[in-house]
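J.: The structure is given below, and queries will be raised subsequently.
The values are calculated or read from the model by the stated rules, or taken from the named source; none is laboratory data. In this text, all values refer to a predicted model and were calculated from it rather than measured experimentally. Positions of Cβ are generated from backbone atoms using ideal geometry, with glycine treated the same way; all protein chains shown enter the neighbour counts.
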Amino acid sequence: MLDKDEILKENIRIPNHLAIIMDGNGRWATQFNKSRSFGHYEGMKRVIDIVKASSDIGIKYLSLYAFSTENWKRPLEEVSYLMDLILVFLNKQIKHLHENNVKLNILGILNQLPPKQIKKIEEALKLTENNTGLILNIALNYGSKDEIFRAVKKMINDVWIGAIDKDSITEELFYNQLDTGNMPDVDLLIRPGGEKRLSNFMLVQNAYSEIIFTDVLWPDFSEKKLIQCLEEYTLRERRFGGL
Ligand code: IPE
Ligand code: IPE
Ligand code: MG
């Protein structure tokens with residue numbers, strides 16, 4: 001059990017915005033000769049653990065990469081299972097998340113998901129919309145290139161219909177059109193699973209984040225591992241281009 005006071009006592013720096021690319025579910029399952037689905041199910045359980053841990057230690061924003069715009073390329077059977085898991089996760093967890101004051105938010109295009117999933121997610125968004133605790137961004141059908149493209153297109157359209165003047169387009173305005181709206185940038189990005197790439201995840205928001213790549217596969221990721229990452233993050237010197 002994580003104790004926020006203990007962590008503060010040990011001088012661990014808590015990121016305001018933590019992002020995680022939850023990778024390695026398939027390989028985790030394959031090593032036990034199990035189906036990739038089994039790995040995804042176990043991965044879902046880690047989501048529950050890490051959301052709780054993040055909330056306990058006072059992280060304000062947690063962004064989890066759950067399904068990319070490129071993941072539709074996977075076999076239909078795997079995609080269907082992942083879609084089912086969205087329902088399983090929300091059916092099991094939404095009440096609990098709500099009780100813990102977590103506010104759910106989706107990054108990505110919701111309306112391309114199957115109708116049942118859209119309905120369930122919309123209910124969850126509505127239920128938690130006034131919560132003031134951890135803001136949980138789930139990136140679902142999310143791709144950063146797509147997000148940037150949509151933001152640019154929206155601004156062009158707004159100029160075209162006269163909603164905004166072209167001279168009023170600022171960096172801040174562009175930024176606020178992203179799926180993260182006015183949320184702060186990511187401070188720490190963790191990628192379990194051994195790959196050392198961003199895979200189209202929050203490219204703008206990670207402009208100055210500290211990045212930790214770890215070989216631990218996502219289903220093996222734990223609160224303990226999270227704390228180790230925070231310890232490493234604490235030692236990083238962030239300069240933002242300054243001296
Ligand atoms: C991450 O695990 C989950 C999703 C991308 C949905 P993977 O399914 O990518 O697992 P590996 O990388 O093949 O092991
Ligand atoms: C990134 O993992 C996407 C998610 C974790 C949802 P992938 O497994 O899809 O990434 P690549 O294909 O190895 O880059
Ligand atoms: Mg992968």
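J.: Of all residues in the range 176-194, which are more than 12 Å from the chain's Cα centre (by Cα) and in contact (Cβ under 8 Å) with a residue 12 or more places away in the chain?
T.: Residues of the range 176-194 more than 12 Å from the chain's Cα centre (by Cα): 176-178, 181-185, 187, 192-194.
Across the range 176-194, the qualifying residues are Gln177, Leu178, Met183, Pro184, Asp185, Asp187, Pro192, Gly193, Gly194.
J.: Also, quick follow-up: I'd like to know if the range 84-99 contains one or more residues that are assigned to a helix (DSSP H, G or I), touching a residue at least 12 places away in the same chain (Cβ under 8 Å) and within 16 Å of ligand 3 (Cβ to nearest atom).
T.: So far as the range 84-99 goes, yes, one or more of its residues are assigned to a helix (DSSP H, G or I), touching a residue at least 12 places away in the same chain (Cβ under 8 Å) and within 16 Å of ligand 3 (Cβ to nearest atom).
J.: Can you pull out the residues in the range 179-204 that are away from ligand 1 (no atom under 16 Å from the Cβ) and not charged (D, E, K, R)? Spell out how you get there, then give the answer.
T.: Filtering the range 179-204 for residues away from ligand 1 (no atom under 16 Å from the Cβ) gives 179-188, 203-204.
Thr180, Gly181, Asn182, Met183, Pro184, Val186, Leu188, Leu203, Val204, listed by residue number.
J.: Right, another one. Scan the range 108-137 and report the pairs whose first residue is under 19 Å from Tyr61 (Cα atoms) and whose second residue is among the basic types (Lys, Arg), with Cβ atoms within less than 6 Å and a gap of 6+ or a chain change.
T.: Listed by first residue and then by second, the contacts come to Thr128/Lys103; Asn131/Lys103; Ile135/Lys103.
J.: Name the one entry in Leu76, Leu62, Leu85 that is at pLDDT 95 or above, among the aliphatic types (A, V, I, L, M), at negative phi and buried (at least 22 other Cβ atoms within 10 Å of the Cβ).
T.: Leu62
J.: Something else: Could you list all residues from the range 24-35 that are assigned to a helix (DSSP H, G or I) and either at pLDDT below 95 or more than 11 Å from ligand 2 (Cβ to nearest atom) (or both)? Walk me through it before giving the result.
T.: At the first step, the residues of the range 24-35 found to be assigned to a helix (DSSP H, G or I) are 25-30.
Within the range 24-35, Trp28, Ala29, Thr30 meet the criteria.
J.: Applying the selection to the range 161-198, what residues are within 16 Å of ligand 3 (Cβ to nearest atom) and touching a Phe, Trp or Tyr at 6+ places or on another chain (Cβ under 7 Å)? Walk me through it before giving the result.
T.: Narrowing the range 161-198 to residues within 16 Å of ligand 3 (Cβ to nearest atom): 189-198.
Of everything in the range 161-198, those that are within 16 Å of ligand 3 (Cβ to nearest atom) and touching a Phe, Trp or Tyr at 6+ places or on another chain (Cβ under 7 Å) turn out to be Arg191, Pro192, Gly193, Lys196.
J.: Please work out which residue is nearest to ligand 1 (Cβ to nearest atom), limiting yourself to the range 4-35 and to residues that are basic (Lys, Arg) and within 21 Å of the chain's Cα centre (by Cα).
T.: Top of the filtered list is Arg27.
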